[in-house]
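See structure below.
Since every read-out is calculated from the coordinates, none of them should be taken as a lab result. Because the structure is predicted, anything quoted here is derived from the model rather than measured. Counting neighbours? That spans all protein chains shown, and the Cβs are built from the backbone with ideal geometry, glycine included.
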Amino acid sequence: MDIWDKKKRSEVMSKIRSKNTKPEILLRKALFAKGYRYRINEKKLPGKPDIVLPKYKTVIFINGCFWHNHENCKYAYIPKTNTDFWINKITANKKRDKLNLQKLTSMGWNIITIWECDIRHRSKRDVTPLVDAIENTLSNLSKTFE
Ligand SMILES: [Zn+2]
């Protein structure tokens, strides 16, 4: 049995989905401090990327493990009630993700995906390795622009 009833479950799930979670903000601030300029939640682009770095033609998605079904991740579970509903929902999400990534790629965007489980427990100091990894990716990309 699910520990929550249907109403509580969707409440919990909507919190998991919420944008502007703390680690996400920490990551954005760290990027900004490094001189990166970005737009957030760009609605005009497929999939509404969380962070858009126009200069690098790069988008960053910060994916919730539950909603985007992160493979082999403990947060990507299927709730034990309304199982069919969740399977359908998550399958549809995955399908849509794939389509959005294809669209972005064909538009010439580079895509960086960060998973919630890799960021959710990070403090300000801990965000550094993540920022380093992003910088690394970006500097490799920028070579192709020069
Ligand atoms: Zn995960």
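Summary table
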| read-out | value |
| --- | --- |
| Karplus (6.51, -1.76, 1.60) ³J(HN,Hα), θ = phi - 60°, over the range 78-83, in Hz, Gly and Pro reported as x | 9, x, 7, 10, 6, 4 |
| Integer Hz, Karplus 6.51/-1.76/1.60 couplings in order for the range 130-136, x for Gly and Pro | 5, 5, 4, 5, 5, 4, 4 |
| Lys48-Thr128 FRET efficiency (beta carbon distance; Förster radius 30 Å; 0.05 resolution) | 0.65 |
| 5 angstrom amide H check on Thr58, placed H, neighbours 5+ away | Leu53, Asn110 |
| Overall form of the range 8-135 per C-alpha gyration tensor (a/c, 1.5; a/b vs b/c) | oblate |
| Other-chain or far-sequence residues with amide H under 5 Å of Ile114's (modelled H) | Phe61, Ile62, Asn63 |
| Two-site FRET efficiency, Asn140 against Gln102, from Cβ-Cβ distance with R₀ of 22 Å, rounded to 0.05 | 0.50 |
| Residues Phe32 and His121, FRET efficiency given R0 of 25 Å [Cβ-Cβ distance, rounded to 0.05] | 0.70 |
